[in-house]
Structure formats: C-alpha cells, structure tokens
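The values are calculated or read from the model by the stated rules, or taken from the named source; none is laboratory data. Computed from a prediction, not measured in an experiment: that's the story for all the values here. Backbone-built Cβ (ideal geometry, glycine too); neighbour counts: all protein chains shown. In case anyone asks, the SASA skips ligands and DNA or RNA and just uses the protein heavy atoms, side chains included. Shrake-Rupley method; radii C 1.70, N 1.55, O 1.52, S 1.80 Å.
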Amino acid sequence: MDTLLKDFRYAWRMLWKNPSITIVIVLSLGIGIGANTAIFSVVNALLLRPLPYPQPDRLVAIWLHSPGIGILRDWPSPGQYVDIQNENHSFDELAISHSTSVILTGFDKAERINVLRTSSSLLRMLGAKPQLGRVLLPEEDVPGKAPVALLSDALWRRRFSADPQILGKSITLDGKQITIAGVLAPEFRLDSEVMPSEDPMDKIDIFLPLPLGADAAQRRGDENYNLVARLKTGVSVAQAQADVSGIADRIRLKDKRDRTFGMTVIGLQEQIVGDVRRSLLVLMGSVALVLLIACANVANLLLTRATGRQKEMAIRLAVGADSARIVRQLLTESLLLSLIGGAVGLLIARLGLSVVRAMNPGNIPRLEDIGISGLVLAFTFGLSVLTGLLFGVVPAWRARGVDLNTALKAGGRSGGNDGSLRLARHRLHGLLVACELALSVMLLAGAGLLIRSFLHLENVPPGFSVDHLLTMNVDAEGPKYRDEKATGQFYQDLLDRVARMPGTKVVGTVSALPLTGTVGWGGISVEGYNPPPGQELQVDSRVASAHYFRAMEIPLLKGRFFSDMDRSGTQQVAIIDENFAQRFWPQGNPVGKHLWFNPKKPFTITGVVKAVKQYGLDNDGKIAVYFPDTQRPNSMMYLVIRTSFDPSTIARPVIAEVHTLDPNVVVTEITTMRELLYHSLARQRFATSMLFAFAAFALLLATVGVYGVLAYLVSQNRRELGIRIALGANSANVIGLVVRYGMGLATIGMIVGVLGALLLTRVMTTLLFGVTPTDPLTFSVVILILGAAALAATIVPAWRAMDVDPMVALRQE
C-alpha cells in the first residue's frame, strides 16, 4: 500500500509538470465519461431499474388491435374485461381503470384534475399504501356505495396545504360532492406512461372507484379502459399471450369483429420504455464510440509524452528498477488521469441531465426520476478505471522496451539513409489515429442521417398555417353544461366576444387540435361502401365551429365550409378531408354523399378540406371527418385565434373573456401554434442534437489526433527532413511528404469507418424519416467534412516541416 501511495504521489507530480497536456487529457476523458454517465443514468432508470411496484416483472397490460382497419393499439371495454376475467388461466389479478379529467371547484380558481376511476385490485397490485385513511375497498367495485376519493400526496399538499384533518371532508368534482377517504403515500405515483389515455395527461391526482354493474358484460363497444394484470407464478408473457389470443378469437366470433381483431399482452415496463428503447441504445452506442475516440487520442498523447521520457525510464532501469515497476508507475499515472477525468465527467453528467430536463424531449418517461444513483456512481468509477487501463496499457507496455544504449546517448535519434522518413516507428500512432477517424465517420454518419431526417420532417407541410395563431383548451364541464344547448350557447358567446377583440382576425373551435395528441375516432359507414364481413371503417372524428378552417387556414378543396345555417334540427352535415375523399371517391365528387354513425342519422358531406398532420409531422393518421359544433356540441374544445400581431399578447384578455362568461370554466394548454409545432418535434430534435454534439466532439478529437501525430512525426524526423532540404528538396516535396502521410491515415480511417457505418446505421431505421440508412448524400458530406478536417490538421505540421533549418537540424543530431 505504501508503494502504491508513493506511485500516486509521483504520478501527481509528473502530471502537473505538464499541465497543458494533463488538462487536455482530463477534459477529453471528462466529456467522454460524462456523456456515458449521463446516458447510462437514463438507461438505468428506464431499462435496468425495475418499476416501483411489487413484483414488477409479473405486471402486464392488455390492449386490443385490429391492423386490418388501421388500429394498432386500442383500449378494451368493460365487456372484454369481464370475458378475460372469467376465461383466463394466466392471471392472479386483473384490474380495469379509466383515466379522464374533471373540474375541481370550491377554491378561488377552478382547476382541471387528472382522475383515475379504477377497480380496487389495481391499487392492491401496485402496492399503493395510504399515509392517511385507506385505499379503495373491494366492495366499492360494485354500484350502491357512496362515492369516495383518494388524493395523491402532490395534490394534497398543493391544494389542501397537507391538511391532516382532510379525511371525511368533501370535494366538488364536475359539480358532484365526493368524500375524501384517504391520501396516498408520497412514494406512490401513477402517470400516463402506465395508464395511457385518449386525452394527454401527466400524473394522476385523484383515484375514484369504478363500480361495474350487472350490465358490464354487455358494454362491449365502450372501448376506453386500461386493463392491467398480474401474471401467475411461473407464467410467462408469451404463455399469457397465447391464453388471451384464444379469448380474443372467441370475442371476434361472438361480437362479429374485424377478422384481424386480437389482443396484445405486454409487460408494463416494456410498455413504458418501448418507444424510447432504440433511441437510448443508439445514444449509448454513440457515447461509447466517443469514449473510444477519446481513449485513442489520450493514448496517442501519452505515447508522445513517453517518447520525451525515454531518458528518465532508461535511468530508472539503469539504477535497478525492473520493467514491471516502470509499467506499474505509468499505469498508475493513467489511472490517476482517468479518475480525475471521471470526477469531471460526473459534473458534466449532472449538467447534461439538467440540460435534458430543460429540453424536455417528450419521449423520455419519468424524466424527473433520472439522476446520479449509487449504481450510476459505480458505473462511472468502473468506467474510469477501465478507461485508464485502456488508454494506458499501450504506452506502459512500450516503455518497458526502452533501449538503454539509444536512450542514454546524447544523439539518440537515428535517421535512415534510404531517402524516406522512418515511418515504421510511428505505425502505432498512425493506427490509433486511423481508428479515431473510423469511429468518427460512424458517428458523423449517424448524426448526418438524423439531421437530414429532421430537416425532411421540418419541411413537411402540416396542412395549416402555424403563424399568428393562439391556441388554448377550454373545458366547460359540470352540471351547468350537461345540457347540449347550454354548452353550445357558451361557446357561441365566447366566439362572439373573442371575434370582437382588437387584433382578432378569425376565431374558431375544434374538439381535437392538431399536434396536441388528443384522440377522437370512431366507426362510420359510407354511402356505396360495403366493408368485408366483420370489418368496421374507423375514422378520426372532430367537432369544429364554422370558422375553424379559416382560423387555421386549412384550404377548402371542394364544396363549402360549415355555416350558421347548419344548426340543430336541420340536415346533419359533415366535412371530410382529402384522404377520405381520395379513398372512396378518387375520380368523383363526394359532396352530397352520405355518412352514417348509426342507421337512423345520415350526414351529408358538404365539403372536402386539406388533410392535416393531426398526430405529428411524421404520422399520417387516419382519414378524418368534421362535424359542426352547432349540431354536435362538445364540452371541451380548443380555441384557435388568428391575430394580426404577436398572438401571445392576446392570451390574458381571451382568458378574461372566458371567465367573464363563467369563472368556473378551466383554461389550459395556452400556447401558440408555432410553439406547439416546435414541441411536437422535441423527440426528434433531442436525438439529433445529442448525436450531433457527440459527432462534433468526435470530429474535434480526430482532427486533434491527426494534428498531434503529424506534429510528433515532424519533430521526430527533423534530421531526415533537414537532409532532404540540404540535398535540394523544395517546399512542395516536403509538404507533400507530410500531407500524403496524413491523408493516407485519413483515407484508411474513412474507408473502414464507412464500412462500419453502413452496418451500424441500419439499427437507426425506425428513427429516420425521408432518408435511408445508406443515404449517399449523407455519406458523401461526411467524407468531405472529415477529409477537409484531416487536411486542415496536416497543414500546420506540413508547414513547420518546410521551415526546418538543415544546419540546425544536423547540428542538433
């Protein structure tokens, strides 16, 4: 131990004798290790750490799917829940729940609250414990009991000031009085990743019972519920899938469902992280490449530094030190460097995670849970040690073979008489640089593909104009608006008021605003179309006001928009989008044709509008149909206001108008359409930005590596260069010699890198839009950029080689 401490003290002194090299090495390692630590902390939180529920590996979710009619994932119904509960052989417990939002009143300001109506088995499965009161009881799963509510810890503290006497008090939800029966423990949390719903939401604030009556088995079309189950001991997900598939076959025959109808069983953890797994693995592979490039660069720097210490090593060997002692000392220096780099990396990782949270990429679930845990610290320490060994072993091994005769002679360097530089001695340096360049090509290719993909995506027309457009969600819930006439009158009054405001050009409402994630679809029948037996046509269904299309500047292609004449009691009308029209009337005019949501109520098509990107610029969605709000009033609508100036400045006056009409109406999601579009690309922007940053750092390291090796090559061959100049070599000959060597390394590295990139970028297929993993333009640009960087890195050493004074160089030898 005493010897080891002496090695570390000596290593510390030696590192600070060359502070510039030490700082460069520590920063290179810090960035590489920090990036790996940050990404690993995300991977650990999402992929490695189990969910915070009892026996999480046995928790699964059950979904419907009908790919034949375009439904890849859908919510089950109470009737299907009853079927699975009665017929399954795979589950110990099964729970049904329905997430929605309600209006909490009774305070100075009404608030929309996320609510989960659930069977008691769900909270039991997830290990929910109360800090006050109780959880839901099994007897509350059937009708007849007085309604009760459980509060989340966050809501209890935020809205009720953590009142310890809260039990037994009532709260008002959508105008109904409900008794508080408990407050859940702060460590229990349920969010939208576990309980996805049709309406975008974050965390569940209130838990209510979901009593199912005797008619539950007949409620088969009400498909808007989450099903979660716990597998029996020893039953795998695959076995449960086979069991549920048999139940789905019976349901398909009994209910005459689409022939592709089925059910999917998916592990709860896989459901949460499935969409981000590939992105995380790509980023993890990218930061690993960055660290390898940093290690290669540091190894080159240490090899160069070791050359300058040959005399020191020779003296130590001459006075009795064995080669193992020399190797140990150099490895100690490498480990010290890597540990310091690891400490810097932890700081960089913490900063990086703060930046990720600020960016809020939108596709990282449970972002606030991601941090530097004990496992992450152990990973950073292990990575630091491994890195130190990785970049330190080659210089250390080379040092043990020091030639005492050559190293101790005053003119230890020798040149060749064959008219060429002695490049064989520098093959290890060249190999490391070629590896850096190859890895850089892979990273640059990945970043280039994502950048090209992102640019393609940004240029996709959304189907409407995003400028000068303010949007907000207006929620007119409660007893006052249970009458459709009252709801319709409220929104008509609001539209009239906002239309008269200074700066307002056009104002409208819609039930599902593009890019908000709001879902609204249903089955429909089309005049002249007879679907295959058992298949139902599914469409996006939206309710819109007469001026919504003008406010959004959605072009009218045929027919007319809604008008004030389209009211209750008149002929029911609808507007379809161009995709709908192209599918059923590719050569004809759909205006005047009819649609049915049920056999008794036909809707006449009055117009065709441009299709919009409802769920994202990379998602075509379903065919869509719009209904007038005057004929089908909706209690929750998005207000869209096109202005003649900065739309954000009108937000407060509009909200004031809403609350003038009714102070209990809740207004949320206040933003401009430009901001909404920007945030809709957050996932793609995050992945692109991260990979671009890694690639830029890799390019910098590779460029520095080329420069370092050529500068070292010139310094080690001054005598050979001096002889050449003395014998008449001109500037072009000398510069060409260095440039050819540097570009030769670059060419080898780029060829290997392109081959590697062609293989590795294939895993990015699902992350790309509008480009292929082998996009020729991307690879051409990458080669040009890296070639230009390598050429730039050779210029200064080549120029210095030309300035070698032959008399000085020969005299020094």
- Message: Among (1) modelled with pLDDT of 90 or more; (2) part of a helix (DSSP H, G or I), there is one condition residue 98 misses while meeting the rest; what is its number?
- Response: (2)
- Kindly list the number of the only condition in (1) open to solvent by less than 40 Å² (accessible area, probe 1.4 Å); (2) under 22 Å from residue 499 (Cα atoms); (3) among the basic types (Lys, Arg) that fails for residue 613. (2)
- Cβ-Cβ under 7 Å pairs, at least 6 apart or on other chains, the range 755-767 side farther than 15 Å from residue 444 by Cα and in contact (Cβ under 8 Å) with a residue 24 or more places away in the chain, far side open to solvent by less than 70 Å² (accessible area, probe 1.4 Å) and among the hydroxyl-bearing types (Ser, Thr, Tyr): 767/279
- Query: Hey, which of the strands (runs of 3 or more DSSP E) in the range 128-184, taking only ones fully inside, have at least 2 residues that are open to solvent by less than 20 Å² (accessible area, probe 1.4 Å), in contact with a strand residue (DSSP E or B) (Cβ under 8 Å, 6 or more places away or on another chain) and at pLDDT 95 or above?
  - Reply: 148-151, 176-184
- How many of the residues in the range 670-696 are over 21 Å from the mean Cα position of the chain (by Cα) and either open to solvent by 30 Å² or more (accessible area, probe 1.4 Å) or of a type in the set (Asp, Glu) (or both)? 1
- Message: Please pick out the residue among 401, 388 that is at pLDDT 80 or above, out of contact with any Cys (no Cβ under 6 Å at 6 or more places or on another chain) and either buried (at least 21 other Cβ atoms within 10 Å of the Cβ) or over 26 Å from residue 692 (Cβ atoms) (or both).
- Response: 388
- Item | The listed residue being part of a strand (DSSP E or B), farther than 20 Å from residue 193 by Cβ, in contact with a strand residue (DSSP E or B) (Cβ under 8 Å, 6 or more places away or on another chain) and open to solvent by less than 10 Å² (accessible area, probe 1.4 Å), out of 64, 104 | 104
- Query: What do you reckon, is residue 464 assigned to a helix (DSSP H, G or I) and not hydroxyl-bearing (Ser, Thr, Tyr)?
  - Reply: no
- Just need a number here: residues in the range 444-499 that are of a type in the set (Gly, Ala, Ser) and out of contact with any helix residue (DSSP H, G or I) (no Cβ under 8 Å at 6 or more places or on another chain). 4
- Taking the range 17-61, which residues are touching a Gly at 6+ places or on another chain (Cβ under 6 Å), farther than 30 Å from residue 301 by Cα and crowded, with 21+ Cβ neighbours inside 10 Å? 60
- Criterion: open to solvent by 80 Å² or more (accessible area, probe 1.4 Å) and either in a helix (DSSP H, G or I) or touching a Phe, Trp or Tyr at 6+ places or on another chain (Cβ under 7 Å) (or both) - qualifying residue of 759, 786: 759
- Where residues in the range 590-638 are part of a loop (DSSP other than H, G, I, E, B) and among the small types (Gly, Ala, Ser), which of them is farthest from residue 768 (Cα to Cα)? 592
- Task: Could you please let me know if residue 487 is open to solvent by less than 30 Å² (accessible area, probe 1.4 Å), polar (S, T, N, Q) and more than 25 Å from residue 611 (Cα to Cα)?
- Result: yes
- Message: Pairs please, first residue from the range 535-554 and over 12 Å from residue 512 (Cα atoms), second anywhere and in a strand (DSSP E or B) and aromatic (Phe, Trp, Tyr), Cβ atoms under 8 Å, 6+ apart in sequence or on different chains.
- Response: 538/521; 539/521
- Query: Mind checking which residues of the range 571-597 are in contact (Cβ under 8 Å) with a residue 12 or more places away in the chain, surrounded by fewer than 21 Cβ atoms within 10 Å (Cβ to Cβ) and not aromatic (Phe, Trp, Tyr)?
  - Reply: 571, 572, 578, 579, 583, 589, 591, 592, 593, 594
- Scan of the range 774-802 for residues that are within 21 Å of residue 438 (Cα to Cα), touching a helix residue (DSSP H, G or I) at 6+ places or on another chain (Cβ under 9 Å) and among the small types (Gly, Ala, Ser), ordered by number: 787, 789, 790, 792, 793
- Could you list, in sequence order, the residues of the range 524-533 that are at pLDDT below 80 and either in contact with a Leu (Cβ under 8 Å, 6 or more places away or on another chain) or open to solvent by less than 30 Å² (accessible area, probe 1.4 Å) (or both)? 531
- farther than 30 Å from residue 708 by Cβ, assigned to a helix (DSSP H, G or I), touching a Leu at 6+ places or on another chain (Cβ under 7 Å) and among the hydroxyl-bearing types (Ser, Thr, Tyr) - does that describe any residue in the range 243-258? no
- Task: For residue 115, work out the one condition from (1) in contact (Cβ under 8 Å) with a residue 40 or more places away in the chain; (2) surrounded by fewer than 20 Cβ atoms within 10 Å (Cβ to Cβ) it doesn't fulfil.
- Result: (2)
